[in-house]
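**Q** Once you've had a glance at the structure underneath, I'll fire off some questions.
The values are calculated or read from the model by the stated rules, or taken from the named source; none is laboratory data. Predicted model only: the values in this text are computed from it and were never measured. Here the Cβ positions follow ideal geometry from the backbone for every residue, glycine too, while neighbour counts run over all protein chains shown. Surface accessibility is based on the protein's heavy atoms, side chains included, excluding ligands, DNA and RNA. Shrake-Rupley method; radii C 1.70, N 1.55, O 1.52, S 1.80 Å.
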Amino acid sequence: MRIAVVMKLVPDVVEELVLSEDGKRLERGDIALKANEFDEQALEQALLLKESSGAELTVIAAETGDVDEMLYTALAKGADRALKLVGDGLQDGIWNAQYAGILVDVIADVGADAVLTGVQANDDLDGQLATWLAAGLGWSFATVVSGVEAAGESLIAKKEFAGGLTANLRLPLPAVLGIQASPEPPRYAPISRVRQIMKTQSLEEREVTAPAGSITVLSLRPPEKTGGAEMIEGDVQAKAARIAEVLAQQGI
Amino acid sequence: MPTGTDLPVAQRAVFEGFQHSWLVPLFYVLATVALIIFFYGVYRRVGRYRAGKRATLVRGWPRRIARSLMEVLTSRRIGRRDRYTGVAHAFIFWAFGFLFLGTTTIFLDHDVLGLVAPSLEFWKGAFFLGFSVVMDVSAALFIIGLVMMAVRRAFFSTFRLSYRRVDGKQQDRSAYEREDWWFLGQLLLIGVTGLLLEAFRLIHDHPWFQGYSPVGLAVAKGFEALGMTAPSAGEAHFVTWWVHAFLALTFIAYIPYAKSVHMLASWANAAARDEKAAVVLPTQETGAQTIPLTPIAANLTWKQLLAVDACTKCGRCHEVCPARTSGAPLSPRDLVLDLREFLGGRRGTAAAAQGTLSAAATALRDDGSPLISADVLWSCTTCRACIEVCPVGIEHVPLIVGMRQTLVEEGEMDQNLAQALMNLGRKGNSFGQSERARAKWAEQAGVPIKDARTEHCEYLWFVGDFASYDPRAQRVSQSVARVLHHLGVDFGILFESERNAGNDARRIGEEGLFESLAEKNMKALSQASFDRIFTTDPHSYNTLKNEYPAYGLECEVLHYTQLLQRLAAEGKMQIVAPQDITVTYHDPCYLGRYNRVFDAPRELIRLTGATLLEMPRNREESFCCGAGGGRIFTGDSLYGEKPAESRIREAAGLHGIESFVVACPKDMAMYTDAAKTAGYEQQIAVEDVIFLIERALGIGAKTPEEVNA
Ligand code: SF4
Ligand code: SF4
């Protein structure tokens, strides 16, 4: 089996988010980017598959920012190849539809028969990447998956539904999977190994051209503060009085 | 009794009463065999150590040997916290020493001088008389010491002598107990037969100088009262002589093969002991190593192999270890014993375990588990209490960290810990918060804080993660800033250029992360302009002071309590509001045991006017809060009871304690929680020493808002 794991950078919401002047996009130069955490789950799931059933594992990421460390870390964790997609315009960020458009050819060239990627990302404005990829490739597809096992020419994917219902699905290869969670948490890659990999291995690069995007953002803004919680201070009497007051105000 | 100068010269024949001339050579043959066995055993041991890796020879051998000699001669490290055992060991040690020297003297006199220059023989006359007294008293003390040890072993239910494992593994350790008793028993028999020999000889000869053997004479009188006569004493003497000789020779022969090897290995280990063990962890150049969980000799340094042999199973480390005390599967004693058994058999006599390094790295024992389990290793708080108490100078923490490196390499760790490491790698702080938020606390300090990157300052304040991001510890930082400002200290911080100092990362076993953090900090420090550094966090303090010099840091590093102590000594601290409260103080491991800063915080507390009561475990014996060595990230896993709660209870046991004073931001977090969960929140306030000082200086009454206004 050949597995491709598709990763991407997303805005790090721990850091401040800066809007561009026209208010239509994030100022990519001023915000911090990090690996999409669901993609890290997909990578861990792929590594587990590789360990349990043997597979060649290629990690792919478009250079929508500094992806080197993310790719080297994936190699340090056990991926066999790391492929960086470079090209004009990628640095400004791309839509998932565009990303999928680029990836269809790349995945064909890699010869992958299974593609794993995160179930979602915090900047999915136009639907999830896994869905776009499945549509583009025309492969069998499952998403919100929380466990994958190899079974000959197919994959068994575990999917959890609301109400505690679990389904095991058989997907004939080739297949695209959107990973919600890996059975094991993403492993830790020691810094020394990442540094070692940086010295001894290099990333493969491939020139790509992104197809035109079809969606236009009209405006983007931080959520407005609505309501909020009030900490009621004071002794028991004061607290009770304040609670009574609030209840009365709300007409409850 | 004859008196004065007409006395014959006091002396006695060596092989007195030997009727058969062939018995003397027989003794020499046996003695030679014993020595051969002894030296072969030593040779085997040394061979095992040589199978280990080279380690840079620690300098200062004359001083080391003198130090360990003093420690051994005074039984100081044994007597610490345990007078009884210290006294008993001193009796046995000194008496054994004298008796051994005595025997050697006779050998030199009789077998060397007697052959080459009989006129020089000196074992006679006044020397002989003094000798008799010393030997006689030694024999008595020897027996007393051994009986004290036996009584302790048999009747005091001393926890540390229990060999029960704490990790749930089943192991029959009765052989250890048999060995202990055999060791005691054989020594006791040697002592008793020696004394009997003396008594029988006195009954037989009744020389005029018998009074110079007071104990022997008393025993002789006893036997005579029971009806022993000179001829029967002569016969008994002959038999006892051989029993005594046989016991003594077998003892010598088996010294390197059993518990008695500690007479050699422990002393050697004490001499090789590194006073900075765990304080400065070894780097690649100084013999650092990733140690597999099932190591072979070649994975360890010769020093570590020696240490593993030197353990006397005294159990002191087992007793004080906060992990063990809290129900975790780690016992530092069992860690050492497991390594010893695996590397050299239970008595350490087997040949070096063979195998290739790469095979060893993944080797498992027969039952498919590694020798030292991940849970055992992750239980350690690196508090250094084990190293502190070990009477023979075994260094457990570097061993544990070496094996943790293997766990990190294999990614075998608690998820929270992995998250903390990833945060440290990405953001330079374990909280995973924005680098830019690092100095947010400063906005609420109410006093201006210089940017050391752009302005020169006398003191660079290395704030540290907890003091920067943890809300409870932020109050400490703000208070420190106000106090220093009040005292007119010229200080600044690195703002978002500061990174976690890496002390914990290194002790977690993530050496690469430590290096990367140290490099980043060194870069920031080299771009700032300052004369000295002080820190809030004892953990940062430890690594900056002791480990950063290897990365080029050259200036003085202080803890803030030391800085304040200096200011107090210069008379700069004007106490306007003496604090009339009773407090106790908790020594943080990395400030106290690691860096011997015990007095600065105490002096400051007294300066504020507070009354300081000491907890039973104080200073070197302080009990870890449980946060060190990365354990603060792993949560309560592996621990039954929280060490911090046990500590709060210890404090609550003191009469009238109002405040539990700390000098470490992590302690602030740990003990605030522990006081709550242990139910002492109403009774005992947890506060940093800086809060006391701020109040005493009369600047603490204001809230940050008031100061800002
Ligand atoms: S350092 Fe502390 S926790 Fe670790 S083994 Fe030693 S005594 Fe136990
Ligand atoms: S390691 Fe040291 S303290 Fe622990 S049992 Fe052995 S000799 Fe005693």
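**Q** Mind checking which pairs have a first residue in the stretch B:370-392 that is among the aliphatic types (A, V, I, L, M) and a second that is open to solvent by 10 Å² or more (accessible area, probe 1.4 Å) and near ligand 1 (Cβ under 7 Å from one of its atoms), Cβ under 6 Å, 6 or more apart or different chains?
**A** Listed by first residue and then by second, the contacts come to B:385/B:320; B:389/B:317; B:389/B:320.
**Q** While we're here: (1) within 12 Å of ligand 2 (Cβ to nearest atom); (2) closer than 21 Å to residue B:638 by Cα; (3) buried (at least 24 other Cβ atoms within 10 Å of the Cβ): which one isn't true of residue B:322, the others all being true?
**A** Evaluating residue B:322 over (1) within 12 Å of ligand 2 (Cβ to nearest atom); (2) closer than 21 Å to residue B:638 by Cα; (3) buried (at least 24 other Cβ atoms within 10 Å of the Cβ) leaves (1) as the failure.
**Q** I need the full set of residues from the stretch B:158-194 which are in contact with a Gly (Cβ under 8 Å, 6 or more places away or on another chain) and outside any loop (DSSP other than H, G, I, E, B), in order please.
**A** B:159, B:160, B:161
**Q** Spot the failing condition for residue B:403; the list is (1) more than 30 Å from residue B:89 (Cα to Cα); (2) assigned to a loop (DSSP other than H, G, I, E, B), and only one is missed.
**A** The failed condition is (2).
**Q** Residue A:182 versus (1) within 25 Å of residue B:426 (Cβ to Cβ); (2) more than 14 Å from chain B (Cβ to nearest Cβ); (3) open to solvent by less than 70 Å² (accessible area, probe 1.4 Å): which is the lone unmet condition?
**A** Against the list (1) within 25 Å of residue B:426 (Cβ to Cβ); (2) more than 14 Å from chain B (Cβ to nearest Cβ); (3) open to solvent by less than 70 Å² (accessible area, probe 1.4 Å), residue A:182 comes up short only on (2).
**Q** Mind checking which helices (runs of 4 or more DSSP H) fall wholly inside the stretch B:600-709 and carry at least 1 residues that are over 30 Å from residue B:511 (Cβ atoms) and open to solvent by 20 Å² or more (accessible area, probe 1.4 Å)?
**A** Ranges flagged: B:643-652, B:665-677, B:689-696, B:704-708.
**Q** Within the stretch B:546-560, is even one residue farther than 16 Å from residue B:590 by Cβ and open to solvent by less than 20 Å² (accessible area, probe 1.4 Å)?
**A** Yes, the stretch B:546-560 contains at least one residue that is farther than 16 Å from residue B:590 by Cβ and open to solvent by less than 20 Å² (accessible area, probe 1.4 Å).
**Q** A further question follows. Taking helices (runs of 4 or more DSSP H) that fall entirely within the stretch B:195-274, which contain at least 3 residues that are open to solvent by less than 20 Å² (accessible area, probe 1.4 Å)?
**A** B:230-254, B:262-272
**Q** Working only within the stretch B:417-445, note down all residues that are within 9 Å of chain A (Cβ to nearest Cβ) and at positive phi.
**A** If the condition is that a residue be within 9 Å of chain A (Cβ to nearest Cβ) and at positive phi, then B:432 is the only one that fits.
**Q** For the stretch B:394-416, how many residues are open to solvent by 20 Å² or more (accessible area, probe 1.4 Å) and either of a type in the set (A, V, I, L, M) or within 7 Å of chain A (Cβ to nearest Cβ) (or both)?
**A** Selection size over the stretch B:394-416: 4.
**Q** If you don't mind, there's one more thing I want to ask. All but one of (1) within 16 Å of ligand 2 (Cβ to nearest atom); (2) among the charged types (D, E, K, R); (3) within 17 Å of residue B:517 (Cα to Cα) hold for residue B:427; which doesn't?
**A** Every listed condition holds for residue B:427 apart from (1).
**Q** Hey, another quick one. From the list A:137, A:171, which one is touching a strand residue (DSSP E or B) at 6+ places or on another chain (Cβ under 8 Å) and open to solvent by 20 Å² or more (accessible area, probe 1.4 Å)?
**A** A:137
**Q** Which numbered condition trips up residue A:151, out of (1) closer than 22 Å to residue A:38 by Cα; (2) away from chain B (no Cβ under 12 Å); (3) of a type in the set (A, V, I, L, M)?
**A** (1)
**Q** Every residue in the stretch B:375-393 that is β-branched (Val, Ile, Thr), more than 9 Å from ligand 2 (Cβ to nearest atom) and in a loop (DSSP other than H, G, I, E, B), please.
**A** B:381, B:382
**Q** Just to verify a result, which residue in the stretch B:148-170, among those that are without any contact (Cβ under 8 Å) to a residue 24 or more places away in the chain and more than 16 Å from ligand 2 (Cβ to nearest atom), is farthest from residue B:376 (Cα to Cα)?
**A** Per the criteria, the residue is B:151.
**Q** Let me ask something additional. For residues that are open to solvent by less than 60 Å² (accessible area, probe 1.4 Å) and within 14 Å of residue A:96 (Cα to Cα), scanning just the stretch A:191-216, find the one that is farthest from the other protein chains (Cβ to nearest Cβ).
**A** Taking the candidates together, the pick is A:211.
**Q** Continuing with the same structure: List the residue pairs whose Cβ atoms are under 6 Å apart, where the first residue sits in the stretch B:312-323 and is farther than 20 Å from residue B:265 by Cα and within 14 Å of chain A (Cβ to nearest Cβ), the second is open to solvent by 30 Å² or more (accessible area, probe 1.4 Å) and more than 6 Å from ligand 2 (Cβ to nearest atom), and the two are 6 or more positions apart or on different chains.
**A** From residues that are farther than 20 Å from residue B:265 by Cα and within 14 Å of chain A (Cβ to nearest Cβ), there are no pairs.
**Q** Taking only pairs six or more apart or across chains, which ones have beta-carbon atoms under 7 Å, a first residue in the stretch B:331-357 that is part of a helix (DSSP H, G or I), and a second residue that is at pLDDT below 85 and within 13 Å of ligand 2 (Cβ to nearest atom)?
**A** Qualifying pairs under 7 Å: B:340/B:348.
So that you can scan it fast, the table gives a plain yes or no per residue for (1) within 14 Å of another protein chain (Cβ to nearest Cβ); (2) touching a helix residue (DSSP H, G or I) at 6+ places or on another chain (Cβ under 6 Å); (3) within 16 Å of ligand 1 (Cβ to nearest atom); (4) charged (D, E, K, R):
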position	(1), (2), (3), (4)
B:139	no, yes, no, no
B:169	no, no, no, yes
B:172	no, no, no, yes
B:185	no, no, no, no
B:193	no, yes, no, no
B:196	no, yes, no, no
B:200	no, yes, no, no
B:204	no, yes, no, no
B:207	no, no, no, no
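**Q** Would you mind listing the strands (runs of 3 or more DSSP E) fully within the stretch A:1-65 where at least 3 residues are within 14 Å of chain B (Cβ to nearest Cβ)?
**A** A:9-11, A:33-35
**Q** Can you confirm whether the stretch B:581-592 contains a residue that is closer than 22 Å to residue B:389 by Cα and open to solvent by 30 Å² or more (accessible area, probe 1.4 Å)?
**A** No, that holds for no residue.
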